[in-house]
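Below is one structure, written out as structure tokens; the observations come after it.
The values are calculated or read from the model by the stated rules, or taken from the named source; none is laboratory data. A quick note: this is a predicted structure, and the numbers were derived from the prediction, not measured. Methodologically, a virtual Cβ is constructed for each residue, glycine included, from the backbone with ideal geometry; neighbour enumeration extends over all protein chains shown. For accessibility, only protein heavy atoms count, side chains too; no ligands or nucleic acids. Shrake-Rupley method; radii C 1.70, N 1.55, O 1.52, S 1.80 Å.
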Amino acid sequence: MKLIKKLILVNIAFFFIISIAFSQTKVQKLYEGKKYKKCLKLCDKNISEKKNKELSILFKSIILSENYKNKEIVELYPNSVEEALKGISKIEKNRVNNPKDKFYVNNKRRIKKVVSNSLIYADEFLEKAENSEALKIYKKLRKIYPKEKVYLYKISKAHLFNKGKTLKTLNVSVRKYHSVMYSLIRNARKHFKKSAMYELESSLDILYETKSKDLELISIFLVFLNKDFSSSKKSNKLYDNFQERYWQIEMLKMVNDLRAKGCVCGGKKMEQKHPLILNSCLNRTSAKYARLMNKEGHFSHIGPLGTSPWERAKKEGCRADGENIAAGSSFVEVTFNQWKNSPGHCKNMMGNHLKMGIGRGGKYWVQMFL
């Protein structure tokens, strides 16, 4: 009797395994045969019966993300890409809850395919200036992959780089936002592949057309477009446009050109250095002190009340490790040459820094580094 029971249990288990394997094979065959409606129907049946559920969710997501222009599929699922991302969200949650499950590893390429298709779908809306529709998908992607920098960038671009709207949507600080954007744009080829140059150029076009005053973000795009895509026909033109609008960008360009070539500071040869970007906090610190010197007729690194450059920077919420000051001219090029021809100031501009701030008050100038 016991033997009979065991045989029955074994047969039931064997039948269950065979039925799952058959279902899995059938789902994949229907997909590969482009019988999408039948495949979706089987996937939905499997999901409701909790039979081979994860693979069914995945293939359903693949079909929906690939066929967002297919009228028959859209009739069944009007928001096909959003539905596809719901499936990916479930798969990602299951991966977190079951780290030893091999399903994710075995299907990583397919999951990436759904994500890539969804991004293309959203980008198409962005190209058509239907930014609110693009935002829906970018937000969902960022919710699933909060550490992925590309979605922060895409959300920002969909907001036309409006800092207020972007920071509210992303719920991040200005410092965090600029830090992530710097990391992303610095490695644009890695994150955007073949479209990297287009992304930098199109973003700068938006920043120029919207008259953005986010000089830190503008400088990041300009610096790395110029550094990594010198073949870009628009690179010099974009730099010229922003220099005409913002004298801070003009000074940054002069300093970075000097660093790119290398120079001699007071008889000491200075090697080529990486480009600097503008920093909002250092810009603010520099501008306030330049205006103060102009108002008080004061000219010193130590302020009228005894504050040092480092204390002034700290008060504004940042650090600094170098400061140049100048007086006498209201022209960017004249002031730049004053610093270039002074050994100490020249060495500061050629120092191993990453960021720069610049401020002007009348004919008084402050330049800070970090």
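Mind checking which pairs have a first residue in region 220-238 that is over 20 Å from LYS193 (Cβ atoms) and at pLDDT 95 or above and a second that is part of a helix (DSSP H, G or I) and not aliphatic (A, V, I, L, M), Cβ under 6 Å, 6 or more apart or different chains? These pairs meet every condition: LEU222/TYR239.
So, restricting to strands (runs of 3 or more DSSP E) that lie completely within region 320-370, which ones have at least 3 residues that are closer than 21 Å to VAL223 by Cα, polar (S, T, N, Q) and free of Cβ contacts under 8 Å to residues at least 12 places away in the same chain?
none
Residues in region 52-102 that are over 17 Å from ILE137 (Cα atoms) and loosely packed, with under 15 Cβ neighbours inside 10 Å: LYS71, GLU72, GLU75, LYS93, VAL96, ASN97, ASN98, PRO99, LYS100, ASP101, LYS102.
Within region 296-314, being among the basic types (Lys, Arg) and under 14 Å from GLY361 (Cβ atoms) holds for one residue alone: ARG312.
Taking each residue of region 160-177 that is assigned to a loop (DSSP other than H, G, I, E, B) and looking for partners that are open to solvent by 60 Å² or more (accessible area, probe 1.4 Å) with beta-carbon atoms closer than 8 Å, six or more apart or interchain, yields LEU160/THR210; PHE161/THR210; ASN162/THR210. Considering region 151-203, the residues that are polar (S, T, N, Q) and within 22 Å of ASN131 (Cα to Cα) include one that is most open to solvent (accessible area, probe 1.4 Å), namely ASN171. Within region 204-211, is even one residue surrounded by 18 or more Cβ atoms within 10 Å (Cβ to Cβ), among the aromatic types (Phe, Trp, Tyr) and under 24 Å from VAL174 (Cβ atoms)? There is no residue in region 204-211 that is surrounded by 18 or more Cβ atoms within 10 Å (Cβ to Cβ), among the aromatic types (Phe, Trp, Tyr) and under 24 Å from VAL174 (Cβ atoms).
Pull up region 106-129, narrow it to residues that are among the aliphatic types (A, V, I, L, M) and within 21 Å of CYS43 (Cβ to Cβ), then point me to the one that is surrounded by the most Cβ atoms within 10 Å (Cβ to Cβ). That would be VAL114. Restricting region 39-85 to residues that are of a type in the set (S, T, N, Q) and part of a helix (DSSP H, G or I), the residue that is farthest from THR25 (Cα to Cα) is SER80.
Here's a check for you: in region 313-358, which residue that is within 23 Å of LYS176 (Cβ to Cβ) and among the basic types (Lys, Arg) is surrounded by the fewest Cβ atoms within 10 Å (Cβ to Cβ)? Among those residues, the one meeting the criterion is LYS315.
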